[in-house]
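Taking it in order: structure first as C-alpha cells, then the write-up.
Laboratory data are not the source of any read-out in this text; all were calculated from the coordinates shown. Not measured: the values here are computed from a predicted model. Here the Cβ positions follow ideal geometry from the backbone for every residue, glycine too, while neighbour counts run over all protein chains shown.
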C-alpha cells in the first residue's frame, strides 16, 4: 500500500527534465524516502535498486577506480538488470555506508547525464558533514518530511474536503459542518502523526491502539540510533537531551535543566538530533526587516519535535481529552498545537533550507511574544497559535504596531475570518495556506 506524497510530482518533473542532476533524498528515518523512490521506479522500464549497507560487493564496486561506464556495466551484470540511459532508474540506497560513493555521484551528471540516478540513506546528514564537498552544482538535494496534514487528507481519500479548504479564505469561511469535520480529522492527525507506518496502520485497521504500538516501536528505533551518531556525547546523554527538548516544546530551551551535562555536551547533542531530523530549531529574530534570519539571537532558541504522533506518545498525553472534549478545544498540554503549526510551516515551506523563527520582547514593563514569524516575499507576518477558539492578541497587536506589519495571522480552532488586522486561519489550514504562498489570505 503506497501513500501518495507531495514529492511524487517533484520526482516526476525531475524524470522529465533534460538537464537533470543525480538526486540525493534527505530527511529523517522512517519518513517514506525509499517508498517514494520505488513508486517512481514504476515509471521506468527498468528499476535497479542496490543497498550499500547490506551488499559488500556493491560497495566494493563503487569504491573502485572505474569509469562510470565500466561501473554501470559491471553493476548491470551483478544485479542482472539492464542499466540503460532513459530507461533505467538507478536507486543507490543506504549510500551513507560508502562516503566515497556519495562523492562519485557527480560523475553521473558529468559522464552519463541521461541516466536517472537517485541516492538515499539513513542518518545521511552525519556522513555528509564529514565530506568537505560532495558535488556542489552537480548533485541536487531534495528534503523529505513526515506526511503533512494535506497528505493525510489525501491518504484518507478526503480530496473534496482538501479542495474546500484550499478554496476557503478569510472572507469566505467554510460551512460550519465542513469546518467541524476538518477539526475532527485534525485531532486524528495529531494523535497518529505523519510517519507513513503509523498512517498505514490506521488506514488498514482504524485502531488507535495499534497505531500507538507502531509509534512505540518507532520511538525505540530512533533511540537505538543514538549510538550510531559517531560523536563524543554518549547515547544515554543524547536521550536525556532529547527528552528535555520534548518537555520544553513551546518554551525557550533552558540548558540548566540538564544537570548531568555541561552546556557544550547539550549543544552538541541538540545539533546531532537536528542532523538526524528529529528536532527543528525555532530561533528568535528581531524581525525588523528582510531577511528574518539576518537579525537572529542564537542564545534564544526553542526546539520542536518532528512529529506530533511521536510527541504525544512520548509524553503520554491522554487521547480521550483530545477526542472527547465537547468544546472541540485541543488540550494544549505539552503545546501540541504550537508544535503542529511549526511542523506544518517546516513541511510546507517553499525554501527547504529555511529556519523557523519567533519573536519576543522582554522589556520589564511590557513583555510580548509571537509564536512564529514568517517571510512572505517582502513582508514579515506574525503567527500566534491558540489551542482553542479564544485568546487575547496583545502580543500580536504589539508586533503589528512596532514592525508596521500589514496583518498578522491567528491560527486556532476557529473558522476562517478576520478581526481588524488579524486574519484568522484554522489550525488545520495553515500549512495549506503556506503551500499556496498565502494566496487565499491576502
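Some observations on this one:
- Shape call, region 197-300: gyration tensor on alpha carbons, a/c limit 1.5: oblate
- Against the chain, whose longest principal axis comes from its Cα atoms, helix 99-111 is set at around 80 degrees.
- Applying 1/(1 + (r/R0)^6) with r as the Cβ-Cβ distance of residue 436 and residue 100 and R0 = 45 angstrom yields a FRET efficiency of 0.60.
- Global geometry of region 7-143, whether rounded, prolate or oblate, following the gyration tensor of its Cα atoms and the 1.5 cut on a/c: rounded
- Descending by average beta-carbon neighbour count within 10 Å, the peptides 272-282, 152-162, 416-426 line up as 272-282, 416-426, 152-162, the highest first.
- Contour minus Cα-Cα distance for residue 230 and residue 74 (0.36 nm per residue): 52.9 nm
- Residue exposure sequence - 139, 102 - by fewest surrounding Cβ within 10 Å: 139, 102
- Fraction of antiparallel bridges per DSSP, the chain only, in percent to nearest 5: 40 percent
- Only helices enter the 222 nm calculation for the chain: every DSSP H run of n ≥ 4 contributes -39,500 (n - 2.57), and dividing by all residues gives -12500 deg cm²/dmol, rounded to 500.
- Helix 394-403 and the long axis of the chain differ in direction by around 70°, with both axes built from C-alpha atoms.
- Here the gap between residue 209 and residue 274, fully extended at 0.36 nm per residue and compared with their Cα-Cα distance, gives a gain of 20.5 nm.
- Residue among 186, 356, 11 with the largest mean-square fluctuation in a Gaussian network model of the chain, springs linking Cα atoms under 10 Å: 11
- Mean Cβ neighbour count within 10 Å, used as a protection proxy, ranking 200-206, 342-348, 111-117 highest first: 342-348, 111-117, 200-206
- Residue with peak Gaussian network fluctuation, the chain [Cα springs, cutoff 10 Å], from 190, 177, 339: 177
- Degrees separating the helix 208-225 axis from the principal Cα axis of the chain, which is the longest one: 60 degrees
- Fewest-first ordering of 5, 138, 410 by other beta carbons within 10 Å of each residue's beta carbon gives 138, 410, 5.
- Contact order normalised by residue count of region 7-143, Cα under 8 Å, 6+ apart, percent: 37 percent
- Projecting label points 7 angstrom from Cα along Cα→Cβ for residue 157 and residue 178 puts them 2.1 nm apart.
- Label sites at residue 369 and residue 64, each approximated as a point 7 angstrom past Cα along Cα to Cβ, lie 5.9 nm apart.
- Whole-Å distance, taken between Cα centres, linking region 231-276 and region 68-97: 41 Å
- Prolate/oblate/rounded label for region 149-441 (Cα gyration tensor, a/c 1.5): oblate
- Across the chain, Cα pairs under 8 Å and at least six residues apart give a relative contact order of 14 percent.
- Highest-MSF residue in the chain out of 105, 12, 90 [GNM, Cα springs under 10 Å]: 12
- On full extension, the segment bounded by residue 56 and residue 129 gains 23.9 nm, given 0.36 nm per residue less the C-alpha separation.
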